[in-house]
Structures are given as structure tokens and as C-alpha cells.
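Just so you know, all these numbers are worked out from the coordinates, no wet-lab data involved. What you are looking at is a predicted structure, and each value in this text was computed from that prediction instead of being measured. Glycine gets a Cβ as well: all are built from the backbone with ideal geometry, and neighbour counts include every protein chain shown.
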Amino acid sequence: MSTPRPSRPRLVAGVDEVGVGPLAGPVVAAAVILDPARSIDGLADSKCLTEKRRETLAGTVRENALAWSIGRVDNQDIDRLNILRARLLAMQLAVQGLAVLPDHVQVDGNRCPVLACTVEAVIKGDQTIPAISAASILAKVTRDAEMTELDARYPGYGFARHKGYGTRAHLAALEELGACAIHRTSYAPVRRVL
């Protein structure tokens with residue numbers, strides 16, 4: 001009589017995205033499978049954390065998670081697909097990039113990407129589910145860093161400050177300078193200056 005092998009624990013990934021509302025730059029999603037043996041204190045919705053705290057936690061997540069991955073969709077694809085489809089594609093890419101594939105995925109919000117495993121949408125999941133909070137943090141830190149780099153390439157718009165969101169300063173720069181290569185031409189404030 002053979003001894004049954006112990007089954008591995010069910011792997012659940014948390015997924016969240018940032019960058020739906022900005023007038024410029026990519027939409028970025030992250031997928032994270034946390035290690036149950038290595039809990040991470042302080043995980044929360046990235047919007048509720050200071051920039052310094054987010055960066056510290058992002059490093060801790062990268063070091064301690066079983067797996068993590070980033071998916072991004074650039075502004076040209078956002079314009080081609082529309083933001084909803086681009087957002088779901090970024091989530092798909094993040095999950096597909098995981099080194100360990102999950103059995104189940106929990107997504108922040110009310111829409112689910114099509115995946116090879118079961119998936120559920122969790123409203124305010126970034127506030128209640130640690131793996132989604134971790135994904136929220138990684139996505140935000142990754143996108144913010146990219147927008148800061150793009151600020152040097154496209155000076156005058158203030159991308160390092162507002163990260164592409166439609167702030168008064170950004171709208172004024174759009175009026176003065178016109179759109180640049182990373183602006184989303186399907187968004188009304190950008191379309192108006194073209």
C-alpha cells in the first residue's frame with residue numbers, strides 16, 4: 001500500500017493595476033503570490049501609503065513573495081484597444097509572467113481578465129486581501145518609476161510630479177506644448193489639443 005503524497009497548498013495570486021485615469025503613459029498591472037510562511041506586515045492599498053513606505057514594501061514583496069510579475073500596456077495599445085481592454089490585458093500579462101502559476105486569481109475591482117485558472121473580482125480587494133494589496137503596491141511603484149524616467153525624456157509636462165494624471169499643471173502644459181509621444185490620443189483632453 002503506497003503512502004499518499006501530501007498535496008501542495010492552493011496557490012492564490014492577487015492582481016491589481018494602476019494607470020487607468022492618466023492622460024499619458026502605460027497602464028501597469030502586478031500579480032503576486034505571497035508565501036504563507038513569510039508574512040509581510042503593513043500591506044495596504046497603495047493609495048493609502050506614503051511614497052517611501054510603498055517603495056520599502058515593494059522591496060519586501062519582491063524579496064519574500066513566492067512569485068511576482070508585472071504586466072504593462074503602453075499608450076498606443078490603450079488607444080487601439082480602449083482602456084478597459086488594455087487594463088484586462090495588463091492583468092493577463094502579469095499573471096502569465098509569474099514563475100509559478102496560480103490555481104486561483106483574485107483581482108481588485110469588478111472585472112476579471114480571461115485566465116487559464118479560476119478568477120474572481122473582489123471590490124476593494126486592495127484594502128482587504130494582502131496579495132492584492134501587494135500587487136497594488138508593486139504596480140504603483142513600477143509605474144511611478146517609469147513616469148519619472150519619462151519626465152526626463154519629455155521635459156516640460158511634469159510627469160515626475162503628476163504621473164500623467166490630468167492635473168491643472170498637466171493640462172496647462174498640454175495646451176502650451178501639445179501632446180507628446182506618450183500621451184493617450186483617445187482621451188478627450190489630449191484629443192482637444194491635437
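Ranked highest first by average number of other Cβ atoms within 10 Å, how do 170-183, 10-23 line up?
10-23, 170-183
Which parts of the stretch 128-152 would a label at Glu55 reach, counting a residue when its backbone N lies under 13 Å from a point 7 Å out along Cα-to-Cβ?
Within reach of a label on Glu55: 141-142, 144-146, 148-149.
Mark the label point 7 Å from the Cα of Ala160 along Cα→Cβ and return the residues of the stretch 24-40 whose backbone N is within less than 20 Å of it.
Only 24-26 fall inside the zone, counting backbone N under 20 Å.
Which one, (i) 15.3, 46; (ii) 17.0, 56; (iii) 18.2, 79, gives Rg and Dmax of the Cα atoms in Å as derived from the coordinates shown?
Here the calculated entry is (iii).
With 10 angstrom as the radius, rank His104, His162 by how many other C-beta atoms surround their C-beta, starting from the fewest.
If I rank by nearby Cβ atoms, fewest first, I get His104, His162.
Across the chain, how many lysine pairs, 8 or more positions apart or on different chains, have C-alpha atoms separated by under 15 Å? Please give the number.
Step by step, the pairs that qualify in the chain add up to 5.
I want to check the label-to-label distance for Ala172 and Val100. Put each point 7 Å from Cα in the C-beta direction and report it in nm to one decimal.
So the label points at Ala172 and Val100 sit 5.0 nm apart.
Shape of the stretch 30-107 from its Cα gyration tensor (a ≥ b ≥ c, root eigenvalues): rounded if a/c is under 1.5, otherwise prolate when a/b > b/c, or oblate?
Judged from the Cα gyration tensor, the stretch 30-107 comes out oblate (a/c at least 1.5, b/c at or above a/b).
Using DSSP, restrict attention to beta bridges with both residues in the chain and report what percent are antiparallel, rounded to the nearest 5.
60 percent
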